[in-house]
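Report on the following structure.
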Amino acid sequence: MGIMKRFAGQTTKQDDGSTRAPLINVSRRGFLQGGGGLALGICFGPVACTSEKAAVSAADIAPFVPNAFLRIGADNSVTVIAKFLEMGQGTFTGLATLAAEELDADWAQVSVEGAPADAKKYANSLLGAQGTGGSTAMADAHLQMRNAGASARAMLVAAAAEQWKVPAGEITVSKGVIRHAASRKEASFGQFAESAAKQPVPAAEAIKLKEPKDFMLIGSTATPRKDSKAKTDGTAIFTQDVQLPGMLVAVLAHAPKWGATIKSVDETAARAVAGVVDVIRVDAVPGTTRAAVAVLAKNTWVAKQGRDALVIEWDEAAAFTKGSAEIFREFKALAGKPGTVAATRGDAAAALKKPAKAIEAVYEFPYLSHAPMEPLNCVVDLKADSCTIWNGEQFHTIDQQVSAGILGLKPEQVTIKQVYAGGSFGRRASSKSDFIVEATSLAKAARAKGVEAPIKMVWMREDDIRGGYYRPAFVHAIKAGLDRDGKVTGWQSRLAGQSIAKGTPLEQFMVHDGVDHTSVEGVSDTRYAIDNLQVELHTVDYPLPVLWWRSVGHTHSAYAMETMIDELAHAAGKDPVAFRRTLLEKQPRHLKVLELAAEKSGWGTPLPEVAGKKRGRGIAVHESFNTFVAEVAEVSIDADGQLKVDRVVCAVDCGLAINPDVVRAQMEGGIGYGLAAILKSEITFDKGAVVQSNFADYQPLRLNEMPVIEVHIVPSAEKPTGVGEPGTPVVGPAVANAVFAAVGKRIRKLPFGNQLSA
Amino acid sequence: MTELSINGVKKTHDGDPAMPLLWFIRDEVGLTGTKFGCGIAQCGACTVHLDGNPIRACVTPVAAAAGKNVVTIENAVTDKVGAAVQASWRKLDVVQCGYCQSGQMMSAVALLARNKTPNDEDIDAAMSGNVCRCATYVRIRAAIHDAAKALA
């Protein structure tokens, strides 16, 4: 079956999208492009130099595996092993760029595959486990991947020097070709793969990395995405696409409320659906998963038909039953009272006693679903003493450990196959491994009933939208004061919302003195020169699971901070850019993006008029994940209050931009993702049940709503930082400030919805 | 028993005729380039061509394709318009997570097949039913213009 061949290829995934025998395809490409000299017939070396011969014998020669991150085949393929997940952010391309740069590989000969779970080899030093998140991939791995490439290059050169009997120092490597000019010898990597493997691995201190002026790939646009081809011909494999012999599909009926349990299940009608194989009860793991009943069938549609035919009575005695109005009433009441101190500078209370001008505002941020395009899923092949899991895997070693616990296996008996994730935005980095727990619990229960087939658990979109692990709702109550000269004298922020880390295995690392840093980040550590600052937090204990959502706490803190700063600027009678400039005097990187965005957007010049519409321009600047972003939004609002975001000019400082085009893409996408949230998206509750269910009522941004976006990257030699998240939190306040500039209205309750037409 | 063609190859389906074409294509034929995103024609990830017209396979019963030819992403990129769309998508590195892109490209191919010089309004009208949560929309628009230029 074609699908199986394709999947076999996936296990040694080729980013060129080849569907079978990937080595042969790469081999041909390698010889035609990578070893250009060979294809031209210029072959001076003693090694066999016809592509035919090499290609045929390549498969028999063990590849050169210089370290955990590279594999160089005798067929001249260079495979980069990515310890991070590719979920859209260009991570595979970034890692490949770093290794290929120091290896001096030809970009065309390089492909990327996902690493297995291995805490020793593949831990993320910034997360303390193997995982992808927090915009850390480039920050964590940039030296590691460059060293991996440089080390492999040194071994290839040593092998060539030995065989050619020339000094290693006289050998050059360029675009995948190893050369000794004096003796007119040259060879491909593949030709030395076997002998390089026998060379000693260079000591760390012997590895010399390139000077930035010598970069060929880093910082260039000569590194098109490695996943582009497979994602434009239908061959890229996501979890949803995994098919195994005899595999069954599971579709589940989930408890409608968190904390509800199964009272009774009538399976009769479900079992009557032709093709339904079994009905499996999957009890809740309290605090982690909802109670569910799964229908196993030969295909997804039958499983869904079976699921829809289940008659389940739920016991809601212990369920969460609050509604959104009640939730926000509680949060607002809390934010009106002193909370746990998260940050103190000077004496905010004293400074706020008698300011020349005082501004108070309360901001409301709803729960948000990540809603990646690929609804959650997981494939589990459980055997008596082992288990293989296919997943768009974001938290490798944690998920491996948790699933082993569920299954009664040792972690090393659980193999995780990493495939592409159809988006995540944080959702697949589950702090409690929730959907992995559900899939493995289901597989275990099924096996106990005699079902031995591999199972693909598929969530319908409704399961995803209603499945929790939301961006936590928050209320910020801010009091700020200005003196007569328009200087900020004091600032008090009181926040109320759920903690992402509390009650998870990550609590010990992330919660200190009762404060989850992700609740207050962006406020408690603001770089604005505010001498008297007090930030207090009320952590609300609800049973609703909450999770990081693209840019985490910054999603709400940047909005509250940057719209309030804008209010203060207007109250002080100052230009919003000039006002920020004064407050950021000692923050050169903030200042640089602020000035760049202002300059490129034409800040201070009148916006072109549009008949029947009011127009406005707004700015915001925010640091997140050590990356600095400023955005200027231009909006138009018609007489009915219809808002259109016309243009966003973005300036970003992410240190060294490894792949400038990926940086641009992440700013574009981050802005679009952030816009959807502030304009349209919210999860609300009615007596504990989630009101929204699908894209009809949980509104994503659509193409016709996407603004024109311009991205300007600050040239920098600073160490690289992440770009997946930092573009997202800035657009909301930039747009809100533009709306104020256009119509004089402050929006403090998100999403905007129809507040402008009210 | 329903008879239909997928990418020009005759197929038969003897199960539930109400089963959406999406699941026939993915689970029975085994072509997984066409994606499941919402199941209610709200996201366009499942877009295929039915006798040349773009349709949402997640709400189209197999029975509605009886006697007709269905073209999926795997085959669409082999004709002139499809190849141009694919080339522009690659040239501009449109994709991020990539999950919605088969559907995006199928909608773009259908647009360019009937309108050789789409303006921004035409693109809005043809493409706003296809959701991309990575918000690659800036590049989708640019790639459609680029493909149109290449086809001119």
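The distance linking region A:148-191 with region A:419-446 is 45 Å (Cα centroid to Cα centroid, whole angstrom). Applying 0.36 nm per residue to the separation of A:Ala717 and A:Asp283 and subtracting their alpha-carbon distance, the gain on full extension is 151.0 nm.
The three principal axes of the Cα atoms in region A:591-674 give end-to-end lengths of 44, 26, 20 Å, sorted in falling order. For region A:605-731, the pair-distance distribution built from all alpha carbon pairs, in bins 5 Å wide starting at 0, is 2, 10, 18, 19, 16, 14, 11, 7, 3, 1, 0 percent. Taking label positions 7 Å along the Cα-Cβ direction at both A:Ala119 and A:Asp575, the computed distance is 5.5 nm, reported to one decimal. In chain B, which whole DSSP H runs stretch at least 18 Å along their own axis (Cα) and average -1.0 or higher on the Kyte-Doolittle scale? Membrane-span-like by this criterion, though nothing is claimed about a membrane: B:101-114, B:137-151.
Across peptide A:454-462, the mean count of Cβ atoms from other chains lying within 10 Å of each residue's own Cβ comes to 2.
The trypsin sites (Lys or Arg not before Pro) of region A:364-453 that meet both conditions, a loop assignment by DSSP and at most 13 other Cβ atoms within 10 Å of the site Cβ, are A:Lys383, A:Lys449. Compared with the direct C-alpha span, the chain from A:Val201 to A:His512 gains 107.7 nm at full extension, assuming 0.36 nm per residue. Measuring against 24 Å, Cα to Cα, the residue pairs A:Lys120/A:Lys410; A:Lys417/A:Lys680; A:Lys121/A:Lys410 contain A:Lys417/A:Lys680 as the ones spanning a longer distance. Annotation: peptides B:35-46, B:18-29, ranked by per-residue average of other Cβ atoms within 10 Å with the highest first, follow the order B:35-46, B:18-29. Listed by chain and number, the lysines whose alpha-carbon sits under 29 Å from that of A:Lys586, ignoring those within fewer than 8 places in the same chain, are A:Lys353, A:Lys354, A:Lys357, A:Lys479, A:Lys487, A:Lys574, A:Lys600, A:Lys719. Treating r as the C-beta distance of A:Val610 and A:Lys687 and R0 as 60 Å, the FRET efficiency rounds to 0.85. Helices that extend 20 Å or more along their long axis by alpha-carbon positions and average at least -1.0 on the Kyte-Doolittle scale are, among the DSSP H runs of chain A, A:137-164, A:434-448, A:554-571, A:660-679, A:728-743. Full extension of the chain between A:Ala68 and A:Asp541 gives 166.0 nm of extra length, using 0.36 nm per residue less the Cα-Cα distance. In units of the compact-protein estimate 2.2 N^0.38 Å, region B:2-75 shows a Cα radius of gyration of 0.94.
Prolate is the label for region A:162-310, because the ratio a/c of its alpha-carbon gyration tensor axes (a ≥ b ≥ c) is 1.5 or higher and a/b is greater than b/c. Value of Rg to Rh for chain B, rounded to two decimals, is 0.97; Kirkwood radius and Rg both from alpha-carbon coordinates.
Remark: relative contact order (region B:2-75) = 40 percent; criterion is Cα-Cα distance under 8 angstrom and separation of 6 or more residues. Here the 3J(HN,Hα) profile of region A:745-755, calculated from phi with Karplus coefficients 6.51, -1.76 and 1.60 at θ = phi - 60°, is 10, 9, 9, 10, 10, 9, x, 4, x, 9, 4 Hz, Gly and Pro shown as x.
So what is the relative contact order of region B:77-151, in percent, for Cα pairs below 8 Å that sit 6 or more residues apart? Relative contact order comes out at 46 percent.
If you count, for every residue in B:24-32, the Cβ atoms of partner chains within 10 Å of its Cβ, what is the mean?
So the per-residue partner count for this stretch is 6.
In terms of overall dimensions, the protein assembly as shown has a Cα radius of gyration and Dmax of 27.9, 86 angstrom.
Spin-label model, B:Ala142 to A:Lys410: label points 7 Å out along the Cα-to-beta-carbon direction sit 5.2 nm apart. Taking trypsin sites (Lys or Arg not before Pro) across region A:107-168, the ones in a DSSP loop with at most 16 further Cβ atoms lying within 10 angstrom of their Cβ are A:Lys165. Normalised by the number of residues in chain A, the mean separation of alpha-carbon contacts (under 8 Å, six or more apart) gives a relative contact order of 13 percent. Spatial offset of region A:549-608 relative to region A:292-339 amounts to 39 Å, using the alpha carbon center of each. Projected label points at B:Arg114 and A:Ala384, each 7 Å from Cα along the beta carbon direction, are separated by 6.0 nanometres. What is the distance in Å between the Cα centres of region A:75-124 and region A:708-755? For region A:75-124 versus region A:708-755, the Cα centre distance is 32 Å.
The simple Förster model, with R0 at 30 Å and r as the Cβ-Cβ distance, assigns A:Arg329 and A:Ser757 a FRET efficiency of 0.75. Classify region A:237-396: rounded, prolate or oblate, from the alpha-carbon gyration tensor (a ≥ b ≥ c, eigenvalue square roots; a/c under 1.5 rounded; otherwise prolate if a/b is larger than b/c)? Judged from the Cα gyration tensor, region A:237-396 comes out prolate (a/c at least 1.5, a/b above b/c).
Dividing the C-alpha radius of gyration of region A:430-511 by 2.2 N^0.38 Å, with N its residue count, gives 1.91. Computed from the C-alpha gyration tensor, the three semi-axes of the ellipsoid equivalent to region B:77-151 are 17, 14, 11 Å, from longest to shortest.
Bear in mind that the values in this text are calculations on the coordinates, not laboratory data. Just so it is clear, the model here is predicted, and its values are computed rather than measured. We place every Cβ from the backbone using ideal geometry, glycine too, and count neighbours over all the protein chains shown.
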